[in-house]
Amino acid sequence: MTLHTILYPVIRAGILAAALAGSLVAQAIRPDYVKRTEMLRMRDGTRLYTEIFTPAAPQGPLPILMERTPYNAKNIGPRLASRYQLLADDGYIFVFQDLRGKYASEGTFMMVRPPRDPARGEQVDENTDTNDTIDWILANVPGHNGRVGMVGISYGGWTTMMGLVDPHPALKAASPQASPDDMYLGDDFHHNGALRLSYGFEFVANLEAGRVSEPFSFDRFDTYEWFLRLGGLANADRLYFKGKRPTWTDFVTHPDFDEFWRRRKVSTHFVNTPVTVPTLTVAGWWDQEDFYGPLTLYDMLEKNDTRGINHLVIGPWNHGGWAGGQGSSLGPIKFGSNTAAWYRETVETPWFAYWLKDRGKLDLPEALTFRPGSNQWQRHSAWPPKTGVTTRQLYFHPDGKLGWERPTGDGADSFRSDPARPVPYRKRPITPLYGGKVPSTWSIWQVDDQRHAHLRPDVLSFETEPLTEDVTISGRVLARLFAATTGTDADWIVKLIDVYPEKVPDAPMMGGYQLMVVGDVLRGRYRDGYERPKPVVANQVTPYTLSLLAADYTFLKGHKIMVQVQSTWFPLIDRNPQKFVPNIYLARDADFVAATHRVLRSARHPSHLELSVVTP
């Protein structure tokens, strides 16, 4: 096995060389750690690039913390002085590894590689690579205590979940953070059957550019206009990918929720499986990529947790926002404390020490959530809460009103949805996700002011009067729409919004701000299931139930609660032709037609949101 190492030039070099059984070592980012690089051979002979960081002066046997990534393992070492600073201060052996086919690792990369199926001739997957790596580390890295922890965010969170499918006996703690569960129903690539166009296109173009990722180069500053000029989705492969992006090809050939997507749904691999490894799932309320995943994975594990070792933490963060910085704000939204720093110091570091070092006392509830608005951490005995909340309905009323009283009589609101003039998901210009000459602001779009959409003719808005007392919701959020369309397909986007008072003395620029608390999309063809799409019956009132997942939020006295309903959210979500076609990825430009949508608010068809309201 080849060692890509150089001598660590410090006084301790002789001691370190002896500790590593004669191996050459390299200077790490932190002078108190030394780096060793290896090409670890997996069971099929493929070698994976791995960096191992060991304290220069270890205090007794130490546990191992491992992160596996498609984003270049060489970039993780510097995080010992930032993201992993507290854990590095505490003393661990860190292992960072490139996945198959990425950067310095051999093999072929496969996006979200499903667990192996020997009947298909599959002998390796992310779980076997994890376990083979742990075997090698335990046998060849001195100074460990025999315990391994896994941690990672996003794709790294997913590889952590894969390590739990058939966990190595030495795996004693795992923290999947912002891990996707389902790339079709609710995470990175699709939401409820609708393609997340801008993210899906850019992520696939970037990650599958080759062994080294490469951002897509747009020829326009405003990606809204670029994607609109692209036209139908078939043009993406014809003009740009040309069959060389396997995941995009998968999108086209698997437009519905079939066996391809079911195999890649993580939570199904934990059905009726006892939880044996302590697991700390972490999520952010405004995660722009993976919020569905953490909630779904936690819920599945919780069903099989008989030992009380499965926990959930949700903070006021975007994707991975807990891993760096102070977390005192997100965009213009202030939280009154350093939530991210508090999490790393008070939750994450003690949690790993408890399970991997037998140190301290674990003071962690079943679920720990931060409640924006009131800006306080909440301890829950269950998530979603089973006590202290009441299910209430917030109904649409005439003249754009929103209230708790069920409507009487008849009523509806109409709007014309034109795919040629879709509603932008944020204020234009919309810059690329991966930046360029202008830094990307993708990470904070979910806290954008929603006034860019308010009062557009193709967006319906309903709002309460100013609240006379605080209203707190804690738990699941559902939208129940009764709607009709002149077309034969339609998307329904619903956003729950906190409207600030017109005057905010301590923050004048926040006057009238419209903050989206939760929002999501349902593709109409999948209203009765995602396996078999079917046309919407034109001009027929149809019920739609859209999960907005969950929230723990306080609408403060003096604020207003708003709901916005629309049918385009571009280019976050691809355009629905609004004329049913079997496969939207193959839709022709001529298939896209304008349609008139009606949202009913009558006694018989009372469109509303269903909220879990905290009882006083």
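Restricting Arg79, Arg83 to those that are in a helix (DSSP H, G or I) and more than 23 Å from Pro169 (Cβ to Cβ) reduces the list to Arg79. So which residues in the stretch 118-135 are crowded, with 18+ Cβ neighbours inside 10 Å and within 21 Å of Arg36 (Cβ to Cβ)? Across the stretch 118-135, the qualifying residues are Asp129, Thr130, Asn131, Asp132, Thr133, Ile134. Based on this model, can you work out whether Gly519 counts as among the small types (Gly, Ala, Ser) and farther than 27 Å from Trp286 by Cβ? No.
Once the stretch 343-367 is narrowed to residues that are out of contact with any strand residue (DSSP E or B) (no Cβ under 8 Å at 6 or more places or on another chain) and crowded, with 17+ Cβ neighbours inside 10 Å, the residue that is farthest from Lys172 (Cα to Cα) is Arg344. Put simply, of Thr296, Thr306 the only residue that is β-branched (Val, Ile, Thr), over 24 Å from Gln85 (Cβ atoms) and surrounded by fewer than 16 Cβ atoms within 10 Å (Cβ to Cβ) is Thr306.
If you filter the stretch 144-184 down to residues that are over 12 Å from the mean Cα position of the chain (by Cα), of a type outside the set (Phe, Trp, Tyr) and assigned to a loop (DSSP other than H, G, I, E, B), you find that the one that is surrounded by the fewest Cβ atoms within 10 Å (Cβ to Cβ) is Pro169. Exactly one residue out of Glu502, Glu531, Glu463 is closer than 30 Å to Thr296 by Cβ, surrounded by fewer than 22 Cβ atoms within 10 Å (Cβ to Cβ) and of a type outside the set (Ser, Thr, Tyr): that is Glu531. Among the residues of the stretch 395-436, those identified as farther than 15 Å from Pro571 by Cα and basic (Lys, Arg) are Lys401, Arg406, Arg416. Is the stretch 51-61 home to any residue that is outside any helix (DSSP H, G or I), more than 22 Å from Lys357 (Cβ to Cβ), touching a helix residue (DSSP H, G or I) at 6+ places or on another chain (Cβ under 7 Å) and not small (Gly, Ala, Ser)? Scanning the stretch 51-61 turns up at least one residue that is outside any helix (DSSP H, G or I), more than 22 Å from Lys357 (Cβ to Cβ), touching a helix residue (DSSP H, G or I) at 6+ places or on another chain (Cβ under 7 Å) and not small (Gly, Ala, Ser). Filter the stretch 577-601 for residues that are of a type in the set (Lys, Arg) and touching a helix residue (DSSP H, G or I) at 6+ places or on another chain (Cβ under 6 Å) and give the result. Once the filter is applied, which keeps residues that are of a type in the set (Lys, Arg) and touching a helix residue (DSSP H, G or I) at 6+ places or on another chain (Cβ under 6 Å), the stretch 577-601 yields only Lys579. Regarding Arg36, is this residue surrounded by fewer than 21 Cβ atoms within 10 Å (Cβ to Cβ), over 30 Å from Gly321 (Cβ atoms), modelled with pLDDT of 95 or more and among the basic types (Lys, Arg)? Spelling it out, it is not the case that Arg36 is surrounded by fewer than 21 Cβ atoms within 10 Å (Cβ to Cβ), over 30 Å from Gly321 (Cβ atoms), modelled with pLDDT of 95 or more and among the basic types (Lys, Arg). Ala382 fulfils the conditions (1) aliphatic (A, V, I, L, M); (2) in a loop (DSSP other than H, G, I, E, B); (3) touching a helix residue (DSSP H, G or I) at 6+ places or on another chain (Cβ under 8 Å) except for a single criterion, (3). Can you work out which of the residues in the stretch 436-455 that are of a type outside the set (Ser, Thr, Tyr) and without any contact (Cβ under 8 Å) to a residue 40 or more places away in the chain is nearest to Arg220 (Cα to Cα)? Looking at residues that are of a type outside the set (Ser, Thr, Tyr) and without any contact (Cβ under 8 Å) to a residue 40 or more places away in the chain, I get Lys437.
The values are calculated or read from the model by the stated rules, or taken from the named source; none is laboratory data. Please read these numbers as outputs of a predicted model, since none were measured by experiment. Reconstructed Cβ throughout: ideal geometry from the backbone, glycine too, with neighbour counts over all protein chains shown.
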